[in-house]
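Peer 1: Got a structure for you, written out below as structure tokens; questions coming shortly.
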Amino acid sequence: MTTHKVGYFIGSLATESINRKLAKALVRLAPQGLHMEEISFRDLPLYSYDYDADFPPAARALKAALAAVDAVLFVTPEYNRSIPGGLKNAIDWASRPYGTNSFTRKPSAVIGTSPGAIGTAVAQQSLRSVLSFCNSPQMNAPEAYIQFKPGLITDDGEVTDPTTEEFLRNYMAEFEAFITRVYTAVPKVR
Ligand code: FNR
């Protein structure tokens with residue numbers, strides 16, 4: 001069976017992050033053919049192109065982590081109707097130095113949760129625009145805007161609502177199929 005390594009970003013640094021709970025659920029529900037590993041951006045300084053000549057260790061580690069995966073999953077909150085600053089900073093680091101953009105031809109998908117009814121939809125649109133510029137083939141559908149109600153997902157990533165659980169399981173199955181389609185057309189670059 002073909003397997004794909006998926007690196008996932010959690011857009012929140014908060015200890016009680018509901019998006020971390022969602023990410024745990026997605027790891028649990030992922031098909032066997034997907035190997036999931038978190039890519040952390042917690043230790044990155046704020047990006048400047050002054051660093052391009054000599055990336056610091058945290059940024060080198062980020063680039064290495066992305067080089068080692070076949071696809072990227074973004075599990076992100078919406079902050080002020082946009083991408084959380086820490087996540088955008090990580091994307092900016094990964095896209096540089098010029099000519100070494102880590103997202104080029106790397107399939108991606110975007111998902112997120114918030115207590116609000118539109119479930120991070122605006123942040124996701126913003127992130128999709130960034131990923132387009134970064135030349136990442138994106139899964140267009142299914143979209144996933146998860147409204148978080150208290151207790152929906154436990155700290156261990158168990159989904160307490162069967163309909164949501166099935167939706168998320170299908171989302172991950174669709175992501176696996178999408179990654180496979182991308183690499184059927186274009187060979188892996190790593
Ligand atoms: C928010 N929140 C929020 N929610 C939303 O649906 N749309 C938004 O634009 C914002 N804006 C926003 C800005 C900032 C700075 C914070 C801290 C929060 C609320 C947000 O959805 C809620 O705090 C979630 O719990 C954030 O997800 P994590 O960090 O718990 O994963």
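Peer 1: So which residues in the stretch 22-36 are in contact with a Gly (Cβ under 6 Å, 6 or more places away or on another chain) and within 16 Å of the ligand (Cβ to nearest atom), if there are any at all?
Peer 2: Selection gives 24, 25.
Peer 1: Which of the residues spanning the stretch 105-118 are touching a helix residue (DSSP H, G or I) at 6+ places or on another chain (Cβ under 9 Å), open to solvent by 60 Å² or more (accessible area, probe 1.4 Å) and within 25 Å of residue 151 (Cα to Cα)?
Peer 2: In the first step, residues of the stretch 105-118 are kept if they are touching a helix residue (DSSP H, G or I) at 6+ places or on another chain (Cβ under 9 Å); the result is 105-115.
Narrowing further to those that are open to solvent by 60 Å² or more (accessible area, probe 1.4 Å): 105, 115.
Listed by number, the list holds a single entry, 115.
Peer 1: Restricting the stretch 37-73 to residues that are surrounded by 20 or more Cβ atoms within 10 Å (Cβ to Cβ) and in a strand (DSSP E or B), which is nearest to the ligand (Cβ to nearest atom)?
Peer 2: 73
Peer 1: Can you tell me which residue is farthest from the ligand (Cβ to nearest atom) among those in the stretch 74-104 that are of a type in the set (A, V, I, L, M, F, W, C) and either open to solvent by less than 20 Å² (accessible area, probe 1.4 Å) or over 29 Å from residue 25 (Cβ atoms) (or both)? Lay out the reasoning, then the answer.
Peer 2: Looking only at the stretch 74-104, we keep the residues that are of a type in the set (A, V, I, L, M, F, W, C), and these are 74-75, 83, 87, 90-91, 93-94, 103.
Now drop any that are not either open to solvent by less than 20 Å² (accessible area, probe 1.4 Å) or over 29 Å from residue 25 (Cβ atoms) (or both), which leaves 74-75, 87, 90-91, 93-94, 103.
Working: 74: 12, 75: 8, 87: 11, 90: 15, 91: 17, 93: 20, 94: 21, 103: 22 Å.
Only one residue tops the list, namely 103.
Peer 1: A further question on this structure: Of the residues 15, 2, 76, 100, which single one is in contact (Cβ under 8 Å) with a residue 60 or more places away in the chain and over 12 Å from the mean Cα position of the chain (by Cα)? Don't jump to the end; show me each part of the working.
Peer 2: On the way: 15 fails: in contact (Cβ under 8 Å) with a residue 60 or more places away in the chain; 76 fails: over 12 Å from the mean Cα position of the chain (by Cα); 100 fails: in contact (Cβ under 8 Å) with a residue 60 or more places away in the chain.
Checking each option against the conditions leaves just 2.
Peer 1: Check 60, 42, 28 and return the single one that is of a type in the set (D, E, K, R) and more than 17 Å from the chain's Cα centre (by Cα).
Peer 2: On inspection, the qualifying residue turns out to be 60.
Peer 1: If you go through the stretch 149-166 one residue at a time, do you hit one that is open to solvent by less than 30 Å² (accessible area, probe 1.4 Å), aliphatic (A, V, I, L, M) and within 23 Å of residue 81 (Cβ to Cβ)?
Peer 2: The answer is yes, given that some residue of the stretch 149-166 is open to solvent by less than 30 Å² (accessible area, probe 1.4 Å), aliphatic (A, V, I, L, M) and within 23 Å of residue 81 (Cβ to Cβ).
For (1) more than 26 Å from residue 89 (Cα to Cα); (2) of a type in the set (S, T, N, Q); (3) without any contact (Cβ under 8 Å) to a residue 60 or more places away in the chain, each residue gets a yes or a no:
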position: 130; (1), (2), (3): no, no, yes
position: 135; (1), (2), (3): no, yes, yes
position: 148; (1), (2), (3): no, no, no
position: 174; (1), (2), (3): yes, no, yes
position: 181; (1), (2), (3): yes, no, yes
position: 186; (1), (2), (3): yes, no, no
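Peer 1: Return the only residue of 109, 53, 61 being at pLDDT 95 or above and in contact with a Leu (Cβ under 6 Å, 6 or more places away or on another chain).
Peer 2: Exactly one of 109, 53, 61 is at pLDDT 95 or above and in contact with a Leu (Cβ under 6 Å, 6 or more places away or on another chain), namely 109.
The values are calculated or read from the model by the stated rules, or taken from the named source; none is laboratory data. Given the structure is predicted, the values throughout are model-derived calculations rather than measurements. As a convention, Cβ positions derive from the backbone with ideal geometry for all residues, glycine included, and neighbour counts pool all protein chains shown. When the accessible area is computed, the model is the full protein with side chains, heavy atoms only, and any ligands, DNA or RNA have been set aside. Shrake-Rupley method; radii C 1.70, N 1.55, O 1.52, S 1.80 Å.
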